[in-house]
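**Student:** What follows is a single structure, and I will ask about it in a moment.
The values are calculated or read from the model by the stated rules, or taken from the named source; none is laboratory data. Please read all numbers here as calculations on a predicted model, not as lab measurements. Because the Cβ atoms are built from the backbone with ideal geometry, glycine has one as well, and the counts that use them run over all protein chains shown.
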Amino acid sequence: MSMVTRRGAVSLKAIATAALSLWLHALPITGSFEAMAAQATPVEVKLGVIAHKAPAPALYELDPLPEDEGVAGARLAIDDDNTTGRFTGQHYSLAEAVLDHGQSPVDAARKLVDGGANFIAADLPADELLAVADAVKDRHVIVFNVSSQDDRLRGEDCRANLFHIAPSRAMITDALVQYLATKRWAKIFLTTGPTPADQLYADALKKSARKFGLSIAAEKPWTFGPLARARSDSITTSDALVFSRGVDYDIMVVADEEGDFGDYVSYRTWDPKLIAGTQGLIATSWHRAQDAWGSAQLQSRFFKTAKRTMRPVDYQAWAAVRAVGEAITRAKSTDPAAVAQFMLGPTFQLAAFKGVPVSFRPWDRQLRQPLLIAQPMSIVSVSPQQGYLHQRTVLDTLGTDEPETTCHLP
């Protein structure tokens with residue numbers, strides 16, 4: 001018995017000694033791999049961001065545009081990309097082109113490309129965005145639309161090298177109307193401002209209402225001026241107070257992308273009704289109150305670096321830069337053509353802090369994504385709403401589906 005015990009003890013000791021020896025011998029090997037990784041020259045990946053300088057705020061502006069809107073989101077994403085790149089052999093850098101009034105975004109884009117940027121996040125209006133995409137298409141550069149919601153960019157004016165992170169107006173209004181439909185607020189009073197963008201939003205809202213079975217009970221133009229910006233009463237206030245009198249509706253939807261009157265209307269309607277649309281209850285890609293699915297971590301990191309809360313354009317620029325990093329990591333290539341092909345393929349997915357992975361629609365290069373239904377200080381819901389089905393993914397219930405698209409790319 002004692003011999004067996006003794007032999008067993010010797011055997012265990014030998015095993016322990018051998019294991020320790022292997023572990024000690026492994027230490028310099030592991031260290032050498034780390035040293036090799038540190039010494040290896042990473043592949044440089046340069047991205048660019050183009051935006052217009054924010055206009056000077058009014059004397060008393062409640063929510064002025066930050067000077068670094070969009071750019072701040074791209075900067076955070078570069079840090080995120082480099083966190084992965086340290087292990088996968090890439091180093092990401094960001095070249096910024098913030099344009100003064102009168103500067104050409106096309107010239108800025110060409111300068112970025114000449115400096116080595118093959119991927120550009122563009123915070124530009126639709127026409128300038130198209131001009132940039134066309135100017136760099138022969139250079140095999142991918143342009144990401146991080147702000148324009150114009151549906152024509154995903155339709156008749158689509159481009160093969162133009163990917164859309166910003167949701168389209170059709171997605172925005174579909175997301176909102178889906179929620180209204182689940183609440184059975186079926187009769188909409190649509191109030192439309194005077195700008196072309198307001199009319200585009202109103203047109204999208206009408207299509208969404210038809211799509212999901214709601215009715216436009218009444219429609220009126222807003223003719224009382226920018227009362228939301230006035231900061232004081234005016235002689236037209238009394239007219240605005242009775243603007244909604246005599247209309248049978250469940251909810252008023254305002255189309256006011258400039259913010260001229262939408263915030264003024266709340267609590268001033270003749271009947272005690274809710275306001276939704278571009279103000280009040282909104283559909284949006286991002287919101288400062290979003291904290292689900294790990295969003296609080298992203299919000300906190302952004303606040304730490306930018307010293308302010310993350311806005312939708314910030315989030316969209318972040319997602320564009322992160323999409324590039326994710327695609328390069330997964331495709332194992334920095335070639336823009338290979339990256340574009342991978343992003344349009346069925347295996348591309350981006351963790352976007354929205355509960356489900358997001359991906360690009362191959363027919364119009366639009367990022368399919370859940371949208372937040374929010375009021376100024378909290379998240380109310382998330383669309384797509386439960387009960388809406390699609391043969392491919394429920395995310396394609398928001399916006400223009402493949403059979404309906406007017407975008408015809410190879």
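**Student:** Considering the range 394-410 alone, what residues qualify as being more than 21 Å from GLN290 (Cβ to Cβ), part of a loop (DSSP other than H, G, I, E, B) and under 22 Å from the mean Cα position of the chain (by Cα)?
**Tutor:** THR400, ASP401, THR405, CYS407
**Student:** Restricting attention to the range 113-138, and to residues there that are within 16 Å of the chain's Cα centre (by Cα) and in contact (Cβ under 8 Å) with a residue 40 or more places away in the chain, which single residue is surrounded by the fewest Cβ atoms within 10 Å (Cβ to Cβ)?
**Tutor:** LEU124
**Student:** Restricting to the range 139-183, name every residue that is surrounded by fewer than 20 Cβ atoms within 10 Å (Cβ to Cβ) and either of a type in the set (Val, Ile, Thr) or under 15 Å from THR278 (Cβ atoms) (or both).
**Tutor:** Correct list: THR182 only.
**Student:** Further question: Scan the range 214-225 and report the pairs whose first residue is on the phi > 0 side of the Ramachandran plot and whose second residue is among the charged types (D, E, K, R) and at pLDDT 95 or above, with Cβ atoms within less than 6 Å and a gap of 6+ or a chain change.
**Tutor:** Listed by first residue and then by second, the contacts come to nothing, as the list is empty.
**Student:** Ok, one more. For ILE373, state whether it is part of a strand (DSSP E or B), buried (at least 20 other Cβ atoms within 10 Å of the Cβ) and either touching a helix residue (DSSP H, G or I) at 6+ places or on another chain (Cβ under 6 Å) or not assigned by TED's automatic domain parsing to the domain that holds ALA121 (or both).
**Tutor:** For ILE373, the condition - part of a strand (DSSP E or B), buried (at least 20 other Cβ atoms within 10 Å of the Cβ) and either touching a helix residue (DSSP H, G or I) at 6+ places or on another chain (Cβ under 6 Å) or not assigned by TED's automatic domain parsing to the domain that holds ALA121 (or both) - is met.
**Student:** Give me the pairs, please: first residue somewhere in the range 383-410 and on the phi > 0 side of the Ramachandran plot, second residue anywhere and surrounded by 17 or more Cβ atoms within 10 Å (Cβ to Cβ) and aliphatic (A, V, I, L, M), beta-carbon distance under 9 Å, and either six or more positions apart or on two chains.
**Tutor:** So the pair list comes out as GLY399/ALA170; GLY399/MET171; GLY399/ILE172; GLY399/ALA175.
**Student:** Can you confirm whether the range 361-368 contains a residue that is in a helix (DSSP H, G or I) and either touching a Phe, Trp or Tyr at 6+ places or on another chain (Cβ under 9 Å) or exposed (fewer than 15 other Cβ atoms within 10 Å of the Cβ) (or both)?
**Tutor:** Scanning the range 361-368 turns up no residue that is in a helix (DSSP H, G or I) and either touching a Phe, Trp or Tyr at 6+ places or on another chain (Cβ under 9 Å) or exposed (fewer than 15 other Cβ atoms within 10 Å of the Cβ) (or both).
**Student:** Out of the residues in the range 291-321 meeting the condition of being touching an Asp or Glu at 6+ places or on another chain (Cβ under 9 Å) and in a loop (DSSP other than H, G, I, E, B), tell me which one is farthest from SER383 (Cα to Cα).
**Tutor:** So the residue we want is ARG308.
**Student:** Next question. Quick one: is ASP248 part of a helix (DSSP H, G or I) and over 26 Å from ALA170 (Cβ atoms)?
**Tutor:** No; evaluated as a whole, the condition is false for this residue.
**Student:** For the range 159-168, give me each residue that is in contact with a strand residue (DSSP E or B) (Cβ under 6 Å, 6 or more places away or on another chain), part of a loop (DSSP other than H, G, I, E, B) and aliphatic (A, V, I, L, M).
**Tutor:** Correct list: ILE165, ALA166.
**Student:** Moving on. Hey, can you tell me all the residues within the range 376-387 that are under 13 Å from ALA175 (Cα atoms) and in a strand (DSSP E or B)?
**Tutor:** VAL380, SER381, VAL382, SER383
**Student:** Which pairs turn up if I take residues in the range 77-92 that are touching a residue at least 60 places away in the same chain (Cβ under 8 Å) and look for partners that are in a strand (DSSP E or B) and aromatic (Phe, Trp, Tyr) with beta carbon separation below 8 Å, at least 6 apart in sequence or on another chain?
**Tutor:** Going by the 8 Å Cβ cut-off, the qualifying pairs are ILE78/TYR92; ASP81/TYR92; GLY85/TYR92.
**Student:** In the range 149-179, what count of residues is obtained for those that are in contact with a Pro (Cβ under 9 Å, 6 or more places away or on another chain), of a type outside the set (A, V, I, L, M, F, W, C) and farther than 28 Å from SER381 by Cα?
**Tutor:** So the count comes out to 1.
**Student:** Output the residue which, of all residues in the range 253-290 that are in a strand (DSSP E or B) and in contact with a Ser or Thr (Cβ under 6 Å, 6 or more places away or on another chain), is surrounded by the most Cβ atoms within 10 Å (Cβ to Cβ).
**Tutor:** Residue satisfying both the conditions and the ranking: VAL254.
**Student:** Restricted to the range 360-384, and to residues that are under 12 Å from the mean Cα position of the chain (by Cα) and polar (S, T, N, Q), which residue is nearest to ASP401 (Cα to Cα)?
**Tutor:** The extreme case among them is GLN366.
**Student:** Would you be able to say whether some residue in the range 302-314 is of a type in the set (Lys, Arg) and buried (at least 18 other Cβ atoms within 10 Å of the Cβ)? Explain how you work it out, then say what you get.
**Tutor:** We begin by selecting, within the range 302-314, every residue of a type in the set (Lys, Arg); these are 304, 307-308, 311.
Those still in the list that are buried (at least 18 other Cβ atoms within 10 Å of the Cβ) too: 311.
Yes, the conditions are met somewhere in the range 302-314.
**Student:** For the range 180-228, which residues satisfy the criterion of being part of a loop (DSSP other than H, G, I, E, B) and either in contact with a strand residue (DSSP E or B) (Cβ under 7 Å, 6 or more places away or on another chain) or not small (Gly, Ala, Ser) (or both)?
**Tutor:** As a first pass, look at the range 180-228 and keep what is part of a loop (DSSP other than H, G, I, E, B): 183-186, 193-195, 213-214, 222-226.
Those that are part of a loop (DSSP other than H, G, I, E, B) and either in contact with a strand residue (DSSP E or B) (Cβ under 7 Å, 6 or more places away or on another chain) or not small (Gly, Ala, Ser) (or both): LYS183, ARG184, TRP185, ALA186, GLY193, PRO194, THR195, LEU214, TRP222, THR223, PHE224, PRO226.
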